[in-house]
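Novice: Got a structure here, written out as structure tokens. Questions coming.
The values are calculated or read from the model by the stated rules, or taken from the named source; none is laboratory data. As the structure is a computational prediction, the values presented were derived from the model and not from experiment. Ideal geometry is used to build each Cβ from the backbone, glycine not excepted, and the neighbour counts take in all protein chains shown. Side chains are part of the model used for accessible areas, which takes the heavy atoms of the whole protein and leaves out ligands, DNA and RNA. Shrake-Rupley method; radii C 1.70, N 1.55, O 1.52, S 1.80 Å.
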Amino acid sequence: MTDFVHLHVHSEYSLLDGACRIKELVKRAKELGMPAVAVTDHGNICAAVEFYDACKAEGIKPIIGCEMYCAPGSRFEKSGRGGDVTSYHLILLCKNEEGYKNLCKLVSASYTEGFYNRPRIDFELLKQHGSGLICMSACLAGEIARKLLNGDYDGAKETALRYKELFGEDYYIEVQDHGLKEQRQILPYQYRLARELGIKLCATNDCHYIEKTGARAQRILMCIATNTTESDPDAMAFGTDEFWFKSQEEMAELFGSHPDALSNTVEIAKKCNLEFEFGVTKLPSITIEGVSDNEQYLRALCRKGFVKRYGQNPPEGAKERLEYELSVISKMGFVNYYLIVWDFIRYAKTHDIPVGPGRGSGAGSICAYCIGITGIDPLKYDLLFERFLNPERVSMPDFDIDFCVERRQEVIEYVKQKYGADHVAQIITFGTMAAKNAIRDTARAMGLPYSLADTVAKAVPFGMSIQKAIDSSKEFREMYGGDTRIHELIDMAKQVEGMPRHASTHAAGVVITDGPVSDYVPLQTNNGQPVTEYTMTVLERLGLLKIDFLGLRNITVIHRAQSFIRKTDPDFSIDNIPYDDPAVYKMLSRGDTSGVFQFESGGMTSTLMKIDPH
């Protein structure tokens with residue numbers, strides 16, 4: 001291994017602060033011959049799996065970490081202690097699976113228990129969840145650095161001893177030199193601390209961008225985040241342009257007098273050996289009153305429902321299809337999955353919460369039809385079960401379930417009550433800066449007139465990236481080459497385009513886990529509700545149960561219409577309407593598709609009018 005690896009790096013998931021795109025970051029580490037690299041975003045580990053994948057693809061060892069915020073006292077105290085300090089920075093890196101699980105617990109608690117301005121942990125939490133983690137004292141915002149800057153050497157020494165006692169040989173005093181006078185002021189004292197206390201040094205560069213030329217783009221991101229301009233004297237800035245992903249030689253120039261601080265980064269990298277497990281299903285268990293064998297119960301439900309759906313003289317091959325599906329469901333370990341979905345749909349139906357008939361590949365399951373998960377006969381429409389579930393399917397099956405938009409939350413609350421509130425969480429999604437918004441945001445940060453930004457943004461053809469617009473739009477290309485201000489704006493906007501701008505909650509996705517969700521993945525909070533830090537696709541790869549509780553307004557409208565109709569026709573049921581009514585096909589052929597689910601778009605309406613269904 002080489003004599004230095006980066007252990008303090010901020011990806012684009014340090015939202016509007018880090019400008020290191022993950023794939024480019026890993027490629028740069030490989031170019032420099034570094035065998036490992038860490039990602040340590042502010043207060044979260046959202047990047048973990050994406051970063052892990054990128055590293056594995058390039059043959060680089062991934063080190064999963066986080067720059068945590070640590071309360072000076074208790075995480076429950078919502079005030080500063082000793083002036084205006086409400087949190088200190090601290091770097092934590094995962095050595096193994098135990099460390100990863102503990103980091104998930106710490107990150108989750110920092111939001112659910114310690115949030116005050118920022119997500120915060122405290123020393124008490126570190127004592128509970130410190131195993132399997134390497135700890136570094138962090139940057140100028142770390143507790144030791146702050147105390148040294150305040151001339152409190154004894155206080156810094158006391159802090160270092162406290163962390164050394166907790167982490168032992170896995171605690172390091174982190175040293176940095178970005179040309180800041182404050183860093184150079186405390187470096188001699190950090191070296192002295194390490195020498196006096198027998199604590200190893202670790203040299204890092206607080207990487208926020210990959211190349212030195214990325215400094216301005218990173219400033220633009222911070223201006224976007226704080227709604228300031230580059231020329232604003234109060235705009236956040238780092239003080240120097242030394243926060244890039246430096247080479248081993250560049251780091252050696254800074255810390256050549258302390259080669260151990262460089263070589264210790266390799267020592268740390270060797271200690272970190274976390275491997276993620278993908279493709280292993282981790283379904284929650286389900287308890288049904290009076291039921292001791294879930295598989296036998298599902299078989300009994302399906303056979304009873306089969307008679308209800310098909311009577312005593314079922315279609316040829318129907319019974320064999322049912323038994324085949326049950327065997328596949330059992331062999332693949334999805335008995336509980338069917339029962340979980342059956343249970344909350346049963347709850348909705350028995351509480352007069354409108355539920356859709358089902359759509360997507362799940363409608364191909366005769367078992368789902370027999371127990372009421374779906375309302376569509378797969379035999380009548382020749383639907384394939386194998387599209388939904390088969391032994392060669394790698395990913396989790398996924399029922400698409402629609403609920404009344406106004407009462408969907410009641411079903412989610414039932415699920416929380418059934419499995420435990422800490423076993424259920426909603427799922428994060430990230431809003432990224434598309435081309436037009438990237439141009440507008442960048443122009444505002446550069447202090448350019450709104451009219452100019454608007455003109456440039458509108459010139460980007462719909463759905464195109466900035467580079468694609470330059471390549472394929474003559475108007476945009478001429479604009480790019482004809483005005484130096486516009487040229488500079490577009491070049492800067494390209495550097496921030498596609499980066500995450502904010503985190504929000506997925507409209508439908510909910511994850512249900514066997515143990516508390518934070519045993520498996522890190523959590524944040526959004527509007528007081530727990531939200532996973534991993535997106536839907538990552539959760540599926542980790543084998544967790546993700547269910548879309550889709551709120552559909554059409555279901556609500558249909559339910560209300562049915563209620564009105566029943567005032568004059570008490571026996572009316574939407575389930576009994578004919579699917580071959582000629583009047584419906586005439587309506588579709590005329591293009592009268594307003595309010596018809598998935599037929600409302602201009603393209604679908606035009607196509608229906610052309611094919612003239614009847």
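Novice: Would you compute, from DSSP H runs of 4+ residues alone, the mean residue ellipticity of the chain at 222 nm, taking -39500 (n - 2.57) per run and dividing by the full residue count, rounded to the nearest 500? Numbers along the way, then the final one.
Specialist: On the way: 24 runs with 266 residues, N = 614.
The helix-only estimate for the chain comes to -13000 deg cm²/dmol at 222 nm.
Novice: Just the accessible area per residue of the chain, please: how many Å² with a 1.4 Å probe?
Specialist: Working: 27840 Å² over 614 residues.
With the other protein chains kept in place, the chain gives 45 Å² per residue.
Novice: Over the chain, with a single point scatterer placed on each C-alpha, what log10 of the ratio I(q)/I(0) does the Debye formula yield at q = 0.05, 0.08, 0.11 1/Å?
Specialist: After summing over all Cα pairs, the log10 values are -0.30, -0.72, -1.13.
Novice: Something else now. Using alpha carbons only, how many angstrom separate the centre of region 161-238 from the centre of region 495-556?
Specialist: Cα centres, region 161-238 to region 495-556: 32 Å.
Novice: Related question: How big is region 19-117 by the Kirkwood estimate over distinct Cα pairs, in Å?
Specialist: Details: mean 1/r = 0.0680 Å⁻¹.
Taking the inverse mean of 1/r over all distinct Cα pairs, region 19-117 comes out at 14.7 Å.
Novice: A further question on this structure: Would you work out what percent of the accessible area of region 446-497, with all protein chains in place, is carbon or sulfur (probe 1.4 Å)?
Specialist: C and S atoms contribute 53 percent here.
Novice: Percent relative contact order of the chain, based on C-alpha pairs within less than 8 angstrom and at least six residues apart? Please list the in-between numbers first.
Specialist: Numbers: 1093 pairs, mean separation 82.1, N = 614.
Across the chain, relative contact order equals 13 percent.
Novice: Measuring from label point to label point, each 7 Å out along Cα→Cβ, what is the residue 526 to residue 85 span in nm?
Specialist: Placing both labels 7 Å beyond Cα along the Cβ direction yields 3.4 nm.
Novice: Arrange the peptides 5-11, 326-332 so that the one whose residues have, on average, the most other Cβ atoms within 10 Å appears first.
Specialist: Working: 5-11: 27.0, 326-332: 15.7.
Packing order, densest peptide first, comes out as 5-11, 326-332.
Novice: Give the peptides 155-166, 530-541 in descending order of average Cβ contacts within 10 Å, highest first.
Specialist: On the way: 155-166: 17.4, 530-541: 21.4.
So the peptides 155-166, 530-541, ranked by packing, come out 530-541, 155-166.
Novice: Compute the relative contact order of region 367-506 as a whole-number percentage, counting only Cα pairs closer than 8 Å that sit 6 or more residues apart in sequence. Please list the in-between numbers first.
Specialist: Numbers: 115 pairs, mean separation 37.8, N = 140.
That works out to 27 percent.
Novice: When the Karplus curve 6.51 cos²θ - 1.76 cosθ + 1.60 is applied with θ = phi - 60°, which whole-Hz ³J(HN,Hα) does each residue of region 435-452 get, with x for Gly and Pro?
Specialist: So the J values, rounded to whole Hz, are 3, 4, 5, 4, 5, 5, 5, 5, 4, 4, 5, 7, x, 7, x, 4, 4, 5.
Novice: Name the long-range amide H neighbours of residue 36: under 5 Å, sequence gap of 5 or more, or other chain; modelled H, no Pro or chain starts.
Specialist: Under 5 Å from the amide H of residue 36 lie the amide H atoms of 61, each far enough along the sequence or on another chain.
Novice: Could you let me know the centre-to-centre spacing of region 365-381 and region 253-323, using Cα atoms, in angstrom?
Specialist: Measuring centre to centre over Cα atoms gives 24 Å.
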